[in-house]
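Accompanying notes for the structure given below.
The values are calculated or read from the model by the stated rules, or taken from the named source; none is laboratory data. Here the structure is a predicted model, which means the values were calculated and not measured. Cβ: placed from backbone, ideal geometry, glycine included. Neighbour counts: every protein chain shown. The accessibility values were calculated without ligands, DNA or RNA, using every heavy atom of the protein model including side chains. Shrake-Rupley method; radii C 1.70, N 1.55, O 1.52, S 1.80 Å.
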Amino acid sequence: MRATVIYGAGDVRVETVPDPKLSEPTDALLRVVRACICGSDLWPYGSMPARERGVRIGHEFLGVVEAVGADVTTLKTGDLVVAPFVYSDNTCQFCREGLHTSCLHGGHWGAKGVDAGQGEAVRVPQADGTLVKLPHTEDDDLLASLLTLSDVFPTGHHAAVKAGVNERTTVTVIGDGAVGLSAVLAAKRLGAERILLMGRHQSRTDLGREFGATDVVSERGNEGIEKVRELTNGEGTHTVLECVGTKPAFEMGVGAVRPGGTVSRVGLPQYAEGPIGPSLFRRNITVTGGVAPARHYIPELLDDVVEGKYQPGKVFDRTIGLEEVPDGYRAMADREALKVLVKP
């Protein structure tokens, strides 16, 4: 089969790789019908050291079940399913607590002999626990929104949930990428009436307004912090959803949050140290967030997506075939595309 392989910074290729096969009785085989490129994929695309043997990449996909192992009981051939961005058994103590990203028997796509999502097919470990069955559809817009359930929409939702967003909280979202826009949508879904979106790409912030942002702040750094405070009577917002992952973004979040507020980080941190000293302590600031347990959230979000109440698939602004994936990476890295959808 054909699949995406990364060899180093800027070096993504589509190659012929071995066809997946059932390995364990808990496995399922999927034919991938939709996949995409994630903003977090751009970190290795921008900085991964060159290597002789490439590694598989991609962790967001929808598929049709083509075969199941002997112990799989909840799925059958022909089912349309979504795969969260990590696999999990859905039964261990951490999964039962809603923390599937810490599953004792889980793991990551593209690691330890497991297929990755940007390809024609995938062997799914722990299939019963990992995969969520979807209603069959051939509607491209609905399939795009269903695809966001694999990562980006639950990640935005996780940011809002961990921050405690509700109808009484004001919200600042830092980042106008797909996760940031999903966080705007999630905050609106949870009842927030005042949502400030910090971003400077108009096509993206326009979508943010459609998703529920009431204000757009294009300034960055101290100017951005002052603008947020100007819009909130000098106080800052109750919650900040940091959806970028850089130290300056975190620093803006700390500056924009009001005393007693919460900064929720879901952007993959690209830094080891940050402003966590006396300033946060004296202002009673809570810092939370982390890797989103998408499998935990999918059942909660699914019905609203299927019914069209929310359309997170609008974050996809370019659709390509599998062989065009290298150009899709380039387009996202060069800010020519917000999020690229792949139809194998």
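Summary of values
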read-out: Scan of the range 121-171 for residues that are open to solvent by 40 Å² or more (accessible area, probe 1.4 Å) and acidic (Asp, Glu), ordered by number; value: 128, 138, 139, 140, 141, 167
read-out: Filter result (open to solvent by 30 Å² or more (accessible area, probe 1.4 Å) and not aromatic (Phe, Trp, Tyr)) within the range 79-105; value: 90, 91, 93, 96, 97, 99, 101, 102, 104, 105
read-out: Candidate set: the range 198-226, residues that are in contact with a helix residue (DSSP H, G or I) (Cβ under 9 Å, 6 or more places away or on another chain) and charged (D, E, K, R); chosen: the one surrounded by the most Cβ atoms within 10 Å (Cβ to Cβ); value: 204
read-out: One residue from 39, 58, 10 being buried (at least 18 other Cβ atoms within 10 Å of the Cβ), in the same structural domain as residue 317 (by the TED database) and more than 26 Å from residue 133 (Cβ to Cβ); value: 39
read-out: Candidate set: the range 298-344, residues that are of a type in the set (Lys, Arg) and under 18 Å from residue 203 (Cβ atoms); chosen: the one least open to solvent (accessible area, probe 1.4 Å); value: 339
read-out: Residues being hydroxyl-bearing (Ser, Thr, Tyr) and over 20 Å from residue 108 (Cα atoms) - total across the range 64-98; value: 3
read-out: Pairs with Cβ under 7 Å, 6+ apart, first in the range 249-274 and part of a strand (DSSP E or B), second acidic (Asp, Glu); value: 258/235; 263/242; 264/242; 265/242
